[in-house]
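Taken together, the values in this text are just the output of simple stated rules run on the coordinates, not laboratory data. From a predicted model like this one, the values you see are computed outputs, not experimental measurements. So basically every Cβ, Gly included, is an ideal-geometry build from the backbone, and we count neighbours across all protein chains shown.
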Amino acid sequence: METGLKNRGAIVAASSAGIGRATAEAFAREGAQVAMCARTLEALEAAAADLRSRYGVEVYAEAFDVRDAGRVKHFVEQVVKRFGRIDVCVTNAGGPPAKPFLSVEPHEWRAAVDLNLMSAIYFAREVIPHMQRRRWGRIITLTSVAVKQPVPELVMSNAVRSAVVGLVRSLANEHGKDNILVNNVAPGFTDTERVRELAAMRAQETRSTPEEITSKWAADAALRRIARPEEIADAIVFLASERASFITGQTLLVDGGYYKGV
């Protein structure tokens, strides 16, 4: 499938590992210039070097915390200097900790909002003007199936990621006239470090094993397995491509049939 992404400039946040890493690789495979960021410098630089050597594309990497609006601004400025353009921005960040509602302190709610909602706002504010100038852009947020079907004990993620969907719909309406498409990808349980940590925590609480917890999650999906990060990345690349030119303001569930609603 021709995606039209060759030589386009793509930002992928939180891309040193997991879904973000798989997404950066998927864009590199399509011939895009890729800008990567994450908090851990060593892992980020290793991932960037791997993409450069395997795909021969330009890759820019910068380590920082996406909760810092000033660092997001600096990063976007550097990407424009190096690539001369920003066509795609994939917002992504780790999830807040798993806790029952009554055990969550007010400062933890504020931290969750900064991590998952404000970081997406910071990126959108910085990249939209560059997309407007070219009258072409794709902003894709990465959330969770929790925006459709809340996950037990992930109350902060359930609430804050749903706010991101409201942002997506609003930006899609406001910037459709600029030919900027804004969509959300909501993965189900995926084989990432965060999901493995969550499985280990649940196993300890229920006196079972992480493998048993993961198997239960898999059994809840129609496909009877959890996702590979590459499967989520493929959905993101599709929404960024020319083949998705009339899709905006939507949430695409990539959950193997975990969500049972209509």
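Quick notes on this one:
- Matching entry among VAL254, VAL164, VAL237 (being in contact (Cβ under 8 Å) with a residue 40 or more places away in the chain, surrounded by 14 or more Cβ atoms within 10 Å (Cβ to Cβ) and within 22 Å of ARG125 (Cβ to Cβ)): VAL164
- Of all residues in the range 167-196, those satisfying the criterion of being out of contact with any helix residue (DSSP H, G or I) (no Cβ under 9 Å at 6 or more places or on another chain) and surrounded by 15 or more Cβ atoms within 10 Å (Cβ to Cβ) are ARG169, ALA172.
- With respect to the conditions (1) out of contact with any Ser or Thr (no Cβ under 6 Å at 6 or more places or on another chain); (2) free of Cβ contacts under 8 Å to residues at least 60 places away in the same chain, ALA120 falls short on a single one, namely (1).
- Annotation: of all residues in the range 1-53 being among the charged types (D, E, K, R) and part of a helix (DSSP H, G or I), the one that is farthest from ALA244 (Cα to Cα) is GLU42.
- Members of the range 185-218 found to be under 25 Å from ALA120 (Cα atoms) and assigned to a helix (DSSP H, G or I), listed by number: GLU193, ARG194, VAL195, ARG196, GLU197, LEU198
- Top-ranked residue in the range 220-234 [being of a type in the set (D, E, K, R) and over 15 Å from the mean Cα position of the chain (by Cα); ranked as surrounded by the fewest Cβ atoms within 10 Å (Cβ to Cβ)]: ARG224
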